[in-house]
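J.: Encoded as structure tokens, here's the structure I'll be asking about.
Bear in mind these aren't lab numbers, they're just calculated from the coordinates by the rules spelled out. Not measured: the values here are computed from a predicted model. Because the Cβ atoms are built from the backbone with ideal geometry, glycine has one as well, and the counts that use them run over all protein chains shown.
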Amino acid sequence: MKLISKIEFDVNKQEYLDKIRNGSIFIYPTDTIYGIGCDATNEKAVQKIREIKERMETPFSIIAPRKLWIQENCEVFGKGHDYLDKLPGKFTLIFAVKQPGCVANNVNPKDNSTLGVRIPNHWISEVVKELGVPIITTSVNRHGESFLTDISNLTVGIRHRIDFAIDVGEIKGQPSQVVDLVDGEDVVKR
């Protein structure tokens, strides 16, 4: 794993965006905690994250490139509009999928009809916007382990399977609030 600072990422941004487009697995900061991600349209890369996390069936969420992407690819109605107006923010919103194939099939292997979407209030959202495709956003941990708030606490088992990590020091946060909006009502899951 190559450990880089935000400055190094910014200076070599095009190189790192190309790495993501080519299937790299990376760790990045958000407005909540560190996430592990890849191009959410790349099935092989998504599968690598499933293997790293030892989570073969659990749905993953994505960071959307923009609100318009969410509206084009998800069924947004009822209270979904209210929550969409809260983005960017510390929410993961679950919507019904309007456009099958907007992400790889293994993002939600049990039920491709729903998708969790985020737009963090963080510079990483601008990176995803520039990338132009959604990225996987899931906590950096294996089942039963704590989520990552400091890269120095990254386990060896995960460290050796990551292509690069953007280190901004400790993040004093908690995972995002998950709100199910599939039926147009807001059902808080976490």
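J.: In nanometres, what is the gap between the two model label sites at residue 47 and residue 130, each 7 Å from Cα along Cα-to-Cβ?
T.: Calculated label separation equals 3.1 nm.
J.: Note down the nm distance, to one decimal, between modelled labels 7 Å out along Cα→Cβ at residue 66 and at residue 143.
T.: Using points 7 Å along Cα→Cβ, the separation is 3.9 nm.
J.: Build a GNM of the chain with springs between Cα atoms under 10 Å: which of 106, 153, 141 gets the top mean-square fluctuation?
T.: In this elastic network of the chain, the residue with the biggest mean-square fluctuation among 106, 153, 141 is 153.
J.: Mean residue ellipticity at 222 nm from the helices of the chain, using -39,500 (n - 2.57) per DSSP H segment of n ≥ 4 over the full residue count, to the nearest 500 deg cm²/dmol?
T.: Numbers: 7 runs with 52 residues, N = 190.
Rounded to the nearest 500, it is -7000 deg cm²/dmol.
J.: Would you give the gap between the C-alpha center of the stretch 1-48 and the C-alpha center of the stretch 86-119, rounded to a whole Å?
T.: Centre-to-centre (Cα) distance: 19 Å.
J.: Which of 140, 178, 76 comes first, and how do the rest follow, when ranked by fewest Cβ neighbours within 10 Å?
T.: Details: 140 26, 178 16, 76 21.
Result, fewest neighbours first: 178, 76, 140.
J.: While we're looking at this one, here's another question. Tell me which lysines have Cα within less than 24 Å of residue 2's Cα, excluding those fewer than 8 residues away on the same chain?
T.: Cα-Cα hits under 24 Å: 13, 19, 44, 48, 53, 129, 172.
J.: Next question. Identify which of 31, 18, 167 has the largest mean-square fluctuation in a Gaussian network model of the chain, with springs joining Cα atoms closer than 10 Å.
T.: Answer for the Gaussian network model of the chain: 18.
J.: Using a basic spin-label model with each label point 7 Å from the Cα along Cα→Cβ, how many nm lie between residue 121 and residue 155?
T.: 3.2 nm
J.: Kindly provide log₁₀ I(q)/I(0) values, in the same order as q = 0.19 Å⁻¹, from the Debye equation applied to equal alpha-carbon scatterers of the chain.
T.: Relative scattering, expressed as log10 I(q)/I(0), comes to -1.39.
J.: Can I ask one more? Cut-off is 10 Å between beta-carbons; in what order do 39, 10 appear when sorted fewest neighbours first?
T.: Numbers: 39 24, 10 13.
Least crowded to most crowded, the residues run 10, 39.
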